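Everything below concerns the one structure shown next.
No lab work stands behind these numbers, since they all come straight from the coordinates. If you're wondering where the values come from, they're calculated on a predicted model, not measured in any experiment. Ideal geometry is used to build each Cβ from the backbone, glycine not excepted, and the neighbour counts take in all protein chains shown.
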Amino acid sequence: METFWFCAVAVMIAAYVVLDGFDLGAGILHLFVARTAEERRAVLASIGPVWDGNEVWLLAAGGTLYFAFPALYASSFSGFYLPLMMVLWLLILRGIAIEFRNHIEGPVWAPLWDVVFSGASALLAIFFGAALGNVVRGVPLDASGYFFLPLWTDFSAGPNAGILDWYTVLIAVAAFLTLAEHGALWVALKTEGVVETRARRAAAGLWWSVAAAVILITIVSFRVQPHLGESFANRPWGYVFPLLAIAGLLLMKFSKGLRAFLGSCAFLVGMLTSVVFGVYPDVLPSIGDPSLSLTVTNAAAPRYGLEVGILWFLPGIALALGYFVFTYRSFSGKVRL
Amino acid sequence: MDALTVHRIHFAFTITFHYLFPQLTMGLALLIVVLKTLALRTGNPHYNQAARFWAKIFAVNFAMGVVTGIPMEFQFGTNWARFSKAAGGVIGQTLAMEGVFSFFLESSFLGAFIYGEKRLSPKAHWVAAFLVFLGSWLSGFFIIATDAWMQHPTGYLLTAKGEILLTSIWGLLLNPWVFWQYLHNMIGALVTASFVMASVGAFYLLSRRHESFGRTFVRIGVIAGGISCCLMLFPTGDRQGKNIAFHQPVTLAAMEGLFHTEQGAPLTILGQPDMAQQRLDNPLTVPDALSFLTYQRWKAEVRGLADFPRELWPDNIPLLYYSYHIMVGLGTLFIAVMLVAAFQLQRGALYGSRPMLWTLMLALPFPYIATTAGWITAEVGRQPWLIYGILRTSDGTSARVAEGNALFSLIGFMGMYTLLAILFLFLVHREIDHGPEE
Ligand code: HDD
Ligand code: HEM
Ligand code: HEM
């Protein structure tokens, strides 16, 4: 039962990263692939009708995490207090930049929001990467299951770590590059003309740095968190997840259009599920005393809640998927301004 | 300031700001459905144009609701970690349901509604508007169910270790507290939207622009407002009051400023609670009325604050007392204004009555004030409990988040929200100034 909810939350987070990931990526590249007012409108139109729905996956994942693993929600949200507050401010800035930009034409208003949109998207990608890095590395949990991390200390990934250390910064950079690539493929898919050409060129260029970053973070992750290696050694079937990521990476390189974008989706899902598989059954590893780690069992809500949850969750998610199919179908093809 | 105070102000500030937007969204979504229905029924493009105008205001308002709503969900974990750990298994259910059942619905069909009018048939476009309305009202339900559970917990079991176990999902969703609270709150959203619509209409009529739209907006605003304002007092407000009298008697005493138990307790219209002297200064009261309204007997006994141990008293009684009286006072005035306006409308005299149009135009901020005052009544009245009778507010904060860190984000939110408020007013002002004419 706990494992079911663990998987459900992981799938929802993966859905968030894949879907809002291309919004963020489009934001990162916005200033570079689109130069004129019309080109910028095209990039924004490629995410305009969907970004809010995509972001709801974050909320739904958060809500599910909240009721299925309340101890984890409480511990991680209060422990990562400062960066989460900044994430909230960035989400606010990005949201209003997308929604308010097109209300007024003019040489001051729109460029301002373009910069806000791009900057907030870039910083969000970096913060989400750093968050993932922290979950892999572990945090200094105390006996009551809480912790509090400062933004940085001495940048070592040791017991005295901050949110930002050399390892989490590395993951953050990798996340930034990966989402930029993901966004480039999306923009190329949805636009025409110079924007499409530039996005395509950006995607091709970024691919090499993404591949390099992946190799690097794979090597260092196994050293920072030895538990990852044990998981794969004990349950070798888990290699399907990294294989999925590699397949996605190759598809991104050797195909075009929708297939390349789907390759990028597979790559993101593969990377995330590898991490999740690697840390399982921990949900938040402790630095230092491993018996203090939060796990799927000690962080889970009591049984009754988890059982009735399934009764409404499955139909609810089926409905949500239905809306998504409807939205993306009515919005398929290249954007028209 | 200690950390507890900062966390409380943090929550109060951000939720109060957030709720300024959904109250209009939820009310306006219903009025937009009314406009779309009129368009379908009469075939008159005037109503579609009116709906398009309100959809623009809706979109700006909705965006504000979305970006200020996300911090609310996060804050349960960031600032109220011990509360979340204890109660997450219960209230997490309703919060997750809100995401799964309503936010997905709303966000998906809002796009279809705003961008899709040309591509969808008139009926399909009506359906899109209706689904946005449904999504926002569902969202209201789940969040009110969450709050109702904190006011009056049901369907749970408290273990010896102090854990709160959910034992019945229906107990949570069909909590007897939810019913009246939900109706009162949602009709309150309709009050806000009606006043906003009537106010914009009155503005157009007084400035002699877009006059045909001005008349439509005033007419719909006054009809919807007249009905909804009456429903606020009776039955919904009355029943909320009875729930409090029954389940939170100490809160009732504090709201009414009743310091001593009385047979035939008076209803206070005006007066200032004097905490040092334990009495109401300068009282203006209706004798026996409180007893009658609560128990339907003029001489029934109503217990005063002195009957309850001090540590069960809400910790800010004057604030509770004033916010309650502001809500009820404004509610009474709203009924008066809307009924007079409805009378003039029926006589055909409203569109020419400048004093009434001025009143309607200037009334715009007051439903927002009444709603905020209502929420302060509910939340301050719940003190010192975070979950009534189970968990004290002081035991719910994040123990590891220091005062300085919480203050940092509080100041950040204050700055950010000041900016948002300016942008919002600027954009909405532009839309209203531009008007419905294309
Ligand atoms: C337009 C706004 C508005 C207006 C005109 C009124 N209210 Fe209200 N009231 C609210 C908006 C509101 C609210 C903000 O929506 C609250 C807060 C919690 C809730 O569910 O609704 C509320 C709560 C609320 C409560 C519960 C407080 C608690 O839970 O502790 C009571 C007893 C009343 N109201 C009573 C009244 C009465 C007797 C009114 C007479 C006219 C009235 N309200 C008008
Ligand atoms: C589901 C809906 C809501 C929930 C779950 C909720 C929960 C809470 C929590 C956790 C606190 C902090 C603890 C405390 O100081 O009492 C609080 C306080 C407060 N909330 Fe709510 N709230 C909800 C809706 C609202 C709304 C819509 C408003 C106003 C618009 C509001 C106004 C306040 C205020 C003013 C306080 C401060 C009370 C005080 O410090 O004494 N709440 N609420
Ligand atoms: C602590 C309490 C609250 C939390 C955690 C919360 C959470 C949220 C979130 C996350 C969103 C954004 C949804 C999106 O992305 O589409 C949102 C918007 C919304 N909220 Fe709240 N909210 C709270 C209080 C309230 C209350 C009291 C109401 C009404 C009764 C309400 C009604 C809405 C509605 C209708 C929306 C849709 C957007 C809008 O209308 O502006 N919320 N809320």
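Brief remarks on what is shown
- Bins of 20 Å, starting at 0 and running to the largest distance - Cα pair percent for the protein assembly as shown: 16, 47, 31, 7, 0
- Taking all Cα pairs closer than 8 Å and separated by 6 or more residues, the relative contact order of segment A:2-330 comes to 22 percent.
- Listed peptides B:43-52, A:112-121 appear in the order A:112-121, B:43-52 once ranked by packing, highest mean of other Cβ atoms within 10 Å at the front.
- Packing-based order for A:22-31, B:353-362, using average beta carbon neighbours within 10 Å, highest first: A:22-31, B:353-362
- Shown here for segment B:180-264: trypsin sites (Lys or Arg not before Pro) in loop regions (DSSP other than H, G, I, E, B) with at most 14 other Cβ atoms within 10 Å, namely B:R208, B:R209.
- Mean partner shielding of peptide A:48-55, defined as the number of other chain Cβ atoms within 10 Å of each residue Cβ, is 5.
- 0 to 90° range, to nearest 10: angle between helix A:303-330 axis and chain A longest Cα axis: 10 degrees
- Our summary gives chain B a relative contact order of 20 percent, counting only alpha carbon pairs under 8 angstrom and 6 or more residues apart.
- Computed [θ] at 222 nm, helices only, for chain B once each DSSP H run of length n ≥ 4 contributes -39500 (n - 2.57): -23500 deg cm²/dmol
- Chain B: DSSP helices with Cα axial extent of at least 20 Å and average Kyte-Doolittle hydropathy no lower than -0.5: B:3-20, B:22-42, B:45-78, B:81-97, B:122-151, B:176-206, B:211-231, B:317-347, B:365-382, B:403-434
- Trypsin sites (Lys or Arg not before Pro) restricted to DSSP loop in segment B:78-134 with at most 13 other C-beta within 10 Å: B:K118, B:R119
- Inter-part distance, segment B:206-246 to segment A:156-232, computed on C-alpha centroids, equals 54 Å.
- For chain A, projected area of the alpha-carbon convex hull averaged over all directions, nm²: 16.8 nm²
- Annotation for segment A:136-238: chymotrypsin sites (Phe, Trp or Tyr not before Pro) lying in DSSP loop with at most 16 further Cβ atoms inside 10 Å of their Cβ are A:F155.
- Ranked by the mean number of other Cβ atoms within 10 Å of their residues, highest first, the peptides A:326-335, B:94-103 fall in the order B:94-103, A:326-335.
- Cα centroid of segment B:35-74 to Cα centroid of segment B:85-152, whole Å: 14 Å
- Other protein chain Cβ atoms within 10 Å, averaged over every residue that makes up B:106-119: 5
- Viscosity 0.890 mPa s, 25 °C: Kirkwood-radius Stokes-Einstein D of chain B over Cα pairs, µm²/s: 106 µm²/s
- Percent RCO, i.e. relative contact order, over segment B:274-433, from Cα pairs under 8 Å lying at least 6 residues apart: 20 percent
- Mean partner shielding of peptide A:84-91, defined as the number of other chain Cβ atoms within 10 Å of each residue Cβ, is 6.
- With a Cα cut-off of under 30 Å and a minimum spacing of 8 residues unless on different chains, the lysine pairs in the protein assembly as shown number 18.
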